[in-house]
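The values are calculated or read from the model by the stated rules, or taken from the named source; none is laboratory data. Bear in mind that the values here come from a model prediction, so they are computed numbers and not experimental data. Quick reminder, even Gly has a Cβ in these numbers, built from the backbone with ideal geometry, and neighbours come from all protein chains shown. For accessibility, only protein heavy atoms count, side chains too; no ligands or nucleic acids. Shrake-Rupley method; radii C 1.70, N 1.55, O 1.52, S 1.80 Å.
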Amino acid sequence: MDVGALPVMTEAFVRLRMRHLRCFQALARHSSVSAAAEHMNSSQPALSRALAELEAIIGQPLFLRTGRGLSLTEAGESLRRHVDAAMSQLEAGTRSAAGLSPVPVVSVGMLPNVARTLAVAAASRFKAAAPQADLRLYWAGVPELVARLHRSEIDFLLGRLLALDYMPGVRFEHLYFEPLIFVVGRDHPFAAYPNTVTLDDIRAELVVVPMPDTIIRRELDKFTTARGLGAFPNKIETVSFEFTRSFLAGNRAIACVPLGAVRQEIADGRVVRLSLTGEELMGSVGITHATDRKLSPEAQLLVEHVREAAQAYI
């Protein structure tokens, strides 16, 4: 290090204020000035000004401005790691000084196929065993959840096996297999003869399918391609299973979804499962861990409850 640069660096640190770091954290978390301002109950100009001041102090850009919002530069990623750790230590120190024990926090990313099944059962058991621990469940797309995992913002992911693009730096623990299935609302004509519906029958209908480039869409495409069929001509593409369940209730349509997304509706008769199956539609569900990080005792306890809850789906 250039010794002559030390006074400059010291002056920069003195000029840093907590508001700079809080604003930086909010911007990094939300990737949007407007969303960060709303989260902090502040104004967009105030956040933009704080970011400009912080980048001037640091001496280089911390974010790239794109049409889709803000993304961290390499310098921004480095600063984020240190700021997150420092803020965590400050919170722990404040609680300790006040005579309070640190509150253990377990953060988990969950994909939609387990949000109403495995995650619910595991969370219930975990909170019964560890009521003093905070459990934070994040529901987002795979790219965001994997990024959070690598930034140590979440302890692990629950859901189907990720595409190979996302596997560097992580390892997958298989728990059970789950199929993609075709379902219709109970008022759909196909509900009267679910065991005889063919793919050609489905192609003539409106079909709700997963979004392109998702792992479950790739499974569906393999299934149809292996049977000499292309994409469904009349379709809605979404990974919102909440939308899919509501849409089936009031419209003549067929949906291809993971079984976990409609278990409750099948059980109470609101949707009917068609008998079409194929090995291409079978996916592995489990836990995705970061390879370079050891879990806290509380996170490890939740993993044990996840494994226990998964036995119901084997």
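Report for the stretch 51-188 the percent antiparallel among DSSP-assigned beta bridges with both residues inside it, nearest 5. Can you show the working numbers first?
Numbers: 4 of 13 bridges.
Bridges in the stretch 51-188 are about 30 percent antiparallel.
Long-range amide H contacts for residue 63: which residues qualify at under 5 Å (H placed 1.01 Å from N, peptide plane, sequence gap of 5 or more or a different chain)?
Under 5 Å from the amide H of residue 63 lie the amide H atoms of 73, each far enough along the sequence or on another chain.
In the chain, what percentage of the DSSP-assigned beta bridges are antiparallel, given to the nearest 5?
About 65 percent, rounded to the nearest 5.
Take the solvent-accessible surface of the protein heavy atoms, probe 1.4 Å, and return the percent of it on the chain that carbon and sulfur atoms account for. Don't skip to the end; give the middle numbers.
On the way: 8950 of 16460 Å².
Of the solvent-accessible surface of the chain, carbon and sulfur hold 54 percent.
From the backbone phi of the stretch 299-309, what are the Karplus-calculated ³J(HN,Hα) couplings (6.51 cos²θ - 1.76 cosθ + 1.60, θ = phi - 60°) in whole Hz, Gly and Pro given as x?
5, 5, 4, 5, 4, 4, 6, 4, 4, 5, 5
Excluding residue 206 itself, what net charge comes from residues whose Cβ is under 10 Å from its Cβ, given Lys and Arg +1 and Asp and Glu -1? Display every interim value, and only then the final one.
Values: positive: 235, 252; negative: 205.
So the surrounding residues net to +1.
So what are the ³J(HN,Hα) numbers for the stretch 223-240, from phi and the Karplus equation (6.51, -1.76, 1.60; θ = phi - 60°), rounded to whole Hz, Gly and Pro as x?
Karplus-based 3J(HN,Hα) across the stretch 223-240 equals 4, 6, 5, 5, 9, x, 10, x, 5, 5, x, 10, 9, 10, 10, 6, 10, 8 Hz.
Cα gyration tensor of the stretch 167-291, axes a ≥ b ≥ c as square roots of the eigenvalues: rounded (a/c below 1.5), prolate (a/b > b/c) or oblate?
Here the stretch 167-291 falls in the prolate category.
Taking only protein heavy atoms and a 1.4 Å probe, what accessible area per residue, in Å², does the chain have with all protein chains in place? All intermediate terms of the calculation are to be shown ahead of the outcome.
Working: 16460 Å² over 314 residues.
On a per-residue basis, 52 Å².
Report, to the nearest 10°, how far helix 44-58 tilts away from the longest principal axis of the Cα atoms in the chain, using its own Cα long axis and a range of 0 to 90°.
60
Determine ³J(HN,Hα), in whole Hz, for all residues of the stretch 137-146 in sequence, where each value follows from phi through the Karplus function 6.51 cos²θ - 1.76 cosθ + 1.60 and θ = phi - 60°; x replaces Gly and Pro.
Per residue, the Karplus-derived 3J(HN,Hα) values read 10, 9, 10, 7, x, 4, x, 5, 5, 5 Hz.
List the residues whose amide H sits under 5 Å from the amide H of residue 274, counting only those 5 or more places along or on another chain, with H placed 1.01 Å from N in the peptide plane.
182, 183, 184
Two decimals is fine: what's Rg over Rh for the stretch 272-314, C-alpha atoms, Kirkwood radius as Rh? Can you show the working numbers first?
Working: Rg = 15.4 Å, Rh = 13.3 Å.
Using Cα coordinates only, the ratio equals 1.16.
Of all the Cα-Cα pairs you can form in the chain, what percent are over 38 Å apart? Don't skip to the end; give the middle numbers.
Details: 14323 of 49141 pairs.
That fraction is 29 percent.
For the chain, what is the calculated [θ] at 222 nm in deg cm²/dmol (nearest 500), taking -39500 (n - 2.57) for each run of four or more DSSP H residues and dividing by its residue count?
Computed ellipticity for the chain at 222 nm equals -13500 deg cm²/dmol.
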